[in-house]
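Data block below; observations after.
The values are calculated or read from the model by the stated rules, or taken from the named source; none is laboratory data. The shown structure was predicted, so the numbers you read here are calculated from the model rather than taken from an experiment. With ideal geometry, Cβ positions are generated from the backbone for all residues, glycine too; neighbour counts draw on all protein chains shown. The accessibility values were calculated without ligands, DNA or RNA, using every heavy atom of the protein model including side chains. Shrake-Rupley method; radii C 1.70, N 1.55, O 1.52, S 1.80 Å.
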Amino acid sequence: MFIHWEVFYYVFILMTHMRSCCSWSVNNFLMTGPKAYLIYSSSVAAGAQSGIEECKYQFAWDRWNCPERALQLTTHSSLRSANREAAFVHAISSAGVMYTLTRNCSLGDFDNCGCDDSRNGQRGGYGWLWGGCSDNVGFSEAISKQFVDALETGQDARAAMNLHNNEAGRKAVKGTMQRTCKCHGVSGSCTTQTCWLQLPEFREVGNYLKEKYHRALKVDLLRGAGNSAANRGAITETFSSISRKELVHLEDSPDYCLENRTLGLPGTEGRECLKKGKNLSKWEKRSCKRLCGECGLVVEERKAEMVSSCNCKFHWCCAVKCEQCRKTVTKYFCVKKGSQRGRNESATIRRKSLRLKKH
Amino acid sequence: MAGAIIENMSTKKLVIVGVILLLFQAFAFMVGGLIAPSPTTAVDYLAVKCVGKASHRQETKWFMPWGSNQCDKIQSFDEAVAKRIEANDIVFAVHIPMSNNEMSPWFQFILVMLQFDIAFKMTNQIKDGAIVNLDVKLAYRDDMVSEWNEMARSFEKRKLHCNFTFPKTYVNDGRFYTCDVLPFMEVGSVAHKYYLLNIRLPVNERKKINLGIGDIKDIHLVGIHQNGGFTKVWFAMKSFLTPSILIIMIWYWRRISLMNRPPVLLEKVIFALGISMTFINIPVEWFSVGFNWTWMLLFGDIRQGIFYSMLLSFWIIFCGEHLMVQGEAAEHWRHRGVQLTNPFYSIWASDVGTELALSFIILAGICACLYFLFLCFMVFQVFRNISGKRTSLPALSKARRLHYEVNQGHWHWGGHTVQVNSAFFTGIYGMWNLYVFAIMFLYAPSHKHYGDEQSSGQCITGIDEGVKSGENIQLTTTVTHVDGPTELYRMMGKEAQE
C-alpha cells in the first residue's frame, strides 16, 4: 500500500519538475528537457522504498515501528510532525535514494554518472580522457538532493529541519562508504596505489542512522512567531551551527503506546515482541517489556505452526531441492489486560497472516 | 678524485648549482601537482545479471549490460528463483567503460579487480578455502555498432578470502561477508575503445565446482587505468629529460676521455648510471599510443629494475671508496709520508706493518661476510613480504596508513587543486634525473687539472711508475683519488712489481 503512495508521490514531484523545467534547471547534471527526469525517477522511487523497508527493519522492536501513515514525507499541511521519528524517516529516505542512484550508476543505468561535471572543468569525453570522471557518489548525491529536497517548498522551521535531516541521510551514506585500495607498482609494490570508495550494504547505513536517531538534537524554534524575515534568519543560523551529520527534531515524540487517530498512530496493542532466544540483542530481549509492560499491556503467548523449506541444497544462486518442514513456534503479542478471552479467535487469524508473511 | 669539479669549485658556485637544482626539483613537483591529473582512475562496475540459457554457451553470444542490444536482465536472484532460472544460466556482464565514454591508448593499462558481495546464510555458508571457478570471456570492438571480437577466453580459479564480522546466527542472515578484493585481469595496452566481459559461475555437483561459495548477491569489478592527462604529462617530462641527461653524459665522457689515463671504476659506474637513466628516460612509450604493444608494462618494470640496481652498485662502490679512505686515512698518510721520502718502503717489510695490512684485509673480509648476511636477510624479508602481502595489506601499520592518507588525493590551495600523488611521482622522477645529472656534472674531471695532472705526475714519477701500468689499475679497484698514489692495493702492487 505504502509503496504506491511513494511512487505516486514521486511521480507527482516529477510532474512539477517537468512543468517548471525550463526556468529551473540551471545545473549540469540534468541535461535538458523533461526526459532527463524520467531516467532517474524509477531509481528515486525504488530508493525511497528501500529506505522505508530499512526503517521498518530498524524499528521492528520499537514502540514506533515506522507505520505507513507516518511516512508521508510531506503533506503540505502544518500538521505534519517534526519529531525524532520524522527526522529518521527523512534521513533514511534520502539515504535510500542516494544509495540506489549510486548503485544504478555502477550498473550503467544512466548515461552520465559524474562524467558531465568533470573536475577539470571540461565536459564530456575530453575530461574522461584527461583525468577520469568524478566518482558516482558525488553525482548521486546531487541528483538525490534535486529530487528529495525539492519536496520542501516552505521556508519555516519544519522545512529547514527536513532539509537538514535529508542532508544527514546523504552524509550517512558517504560516511559509511568503505575505502579500498590496491597497490600496483613494480611487481605489486606500493609505489602506485589506487583507492576507491565502495558502497556498504544498506543495513550499515540504517544502523548508522539509528544511532544518530538515538542522539538526535532537539532545537527549540517552534515558539518563534510567524514567518518574518528575522525569524527566517534565526532558523538558518541555528541549523547552520549544527553538524550536518546529526539528526535534528523540533518536537517531542508523542506517546506511541496509545492509539491516536488524529496523528495516525496505531498504538502497540497487538504488536509482536521477542522474549526468549539465544541470539537476541539486549534491545530485542527487552522488547516485550517495552512494547507491552511499559504500555500497560500484557504479554500473551501464542503457538503458531509454520511451514518452511528446509534441508535445501544450495548453489551460489537460486536454491534448489528443498523439503517442506512444519514446526511449531512460540510468539508473543501485546494484548489488553483482561481481553485474553477472545484469544483463540484472534490467534487463528494471526496464524494465517503469519503463514502468509512467510511465503 | 681530487681532480673532480666538486673539489675545485668555489663555495659560491657550488651554492649556485645547488639552488638551480632545487629550482628544477620544485618545478618537477609543480608539473605533477598543478598540471597533471591524478595518476590513476578507478571505476566501479557492478555486473549486470543477464539470463542466457546454458545451451547457448558454445555459441559466441555476447551479453551487453545496457544500450540498444542489451540482454535479458534480472534485478536480483530472488527473481531468478521465481522464474526457475538456474545458476548455470546466469551471465555477469560488464562493459568497460561506462556508456558515453571510450577507452584510449593513453590509458596505458587496465587493471581489473574482482569483488563479491556474498550474503551470510546459516544454511549456506562459505566453506573454508572455497574456490570460485569463473568462466570468463573478454571481447572488444571499436565502434558502438559492429560485432564483438573475442580477445580472450579462460577458465579461472580464485580463492575466496572472506570473513564474517558478526556472530554467525540466524539473526544475521542476509548480512554480507567482508571479502578481499581479488586480482582479476590485466591488459597491458589499451588498443581498443570498448571492452566487454562476460562471466559465468558454472555449477557442477559431480566435479564439485562452485559448491560452498555462499550466496553470491553481486559481482563488483573495479577497473583501474592510468589517466590520459597523467600519461601525457609523463611523456612530455620524459621527452624533455632524455636529451638533458644524454648531453651531460656525452660531456662527461668527453672529459674522462680527455684525461691521459684510462677511466677508473667509479667513473665507469657513474657513466653506467647515466646510461641506465637514459634508458628509463627514452620515451619509447610514445609507440604504445600507436601500436598494440602488450609488453610495455613489463618493459617499464625491467628498465626501472636496471636503473635501481645500477644506482645501488654505484652507492656501494662510492661508499666503499670513501669508507676505505676514511678508515685508513691516518695510517695511510703516515706510510705515504714515509713513501714520499723512501720509495723502497713497503708496508710488508715491517712486522707491525704486515700485521696492520693483514688486519685490514681480515676486517674487509668480515665486513664482506656481514654485508652478505645482511643481503640474505633483506632477500628473506622481501620473500616474506611478498607471501604475506595479502594478509598484511588491510592491517597496515598506522604510520604507513597515515602516509597513504596524505598520499591519497588532492589538496585545495586557494583556487588550485594540487594533485599530491602526481606531484609525488613527477617529483621523484625529476629527483632521480637531477641526482644523476648532478653526480655526472660534479664528479667529472675538472679541466683545471689537465695540466696539473701531467706536472704532478712528473713530480712523483719516481714514486708511482707502476700506477700507469694497466695491471696496476686493475688492482686499484678502490681508488678514489686517482692521483693520490697511496692506496693499500697500490702498495701491494708495487711490492709485487718489485
Given charges at beta-carbon only (K, R positive; D, E negative), |dipole| of the range B:117-253 in Debye
320 debye
Along the positive direction of the dipole of the range B:51-159 (beta-carbon charges: Lys, Arg +1; Asp, Glu -1; about the Cα centre), which of B:114, B:60, B:87 reaches farthest?
B:87
Once R0 is set to 30 Å, what does the formula 1/(1 + (r/R0)^6) return for the Cβ-Cβ distance between residue B:358 and residue B:313, expressed as a FRET efficiency to the nearest 0.05?
0.60
Arrange the residues A:171, A:337 by how much accessible surface each exposes, largest first, with a 1.4 angstrom probe.
A:337, A:171
For the range B:81-105, which residues drop by 40 square angstrom or more in accessible area between the chain on its own and all protein chains together (1.4 Å probe)?
B:87, B:98, B:99, B:100, B:101
Which entries in A:285/A:337; A:212/B:127; B:61/B:193 show an alpha-carbon gap greater than 30 Å?
A:212/B:127
Accessible area expressed per residue, the range B:40-112, with surrounding protein chains retained (probe 1.4 Å, Å²)
42 Å²
Cα-based radius of gyration of the range A:275-334 once divided by 2.2 N^0.38 Å, which approximates compact folds:
1.59
Cross-link pairs beyond the 30 Å C-alpha cut-off, checked among A:56/B:83; A:174/B:208; A:182/B:53; A:174/A:276; A:56/A:282
A:174/B:208; A:182/B:53; A:174/A:276
Within 11 Å, Cβ to Cβ, of residue A:207, how many net charges do the neighbouring residues add up to if Lys/Arg are +1 and Asp/Glu are -1?
0
Positive-end residue, the range A:275-334 charge dipole about Cα centroid, Cβ charges, pick of A:316, A:328, A:280:
A:280
Within 10 Å of each Cβ of A:102-111, how many other protein chain Cβ atoms are there on average?
6
Cα-based Rg / Dmax (Å) for the range B:41-225:
16.8, 51
Taking r as the C-beta separation of residue B:298 and residue B:171 and R0 as 41 Å, the FRET efficiency to the nearest 0.05 is 0.25
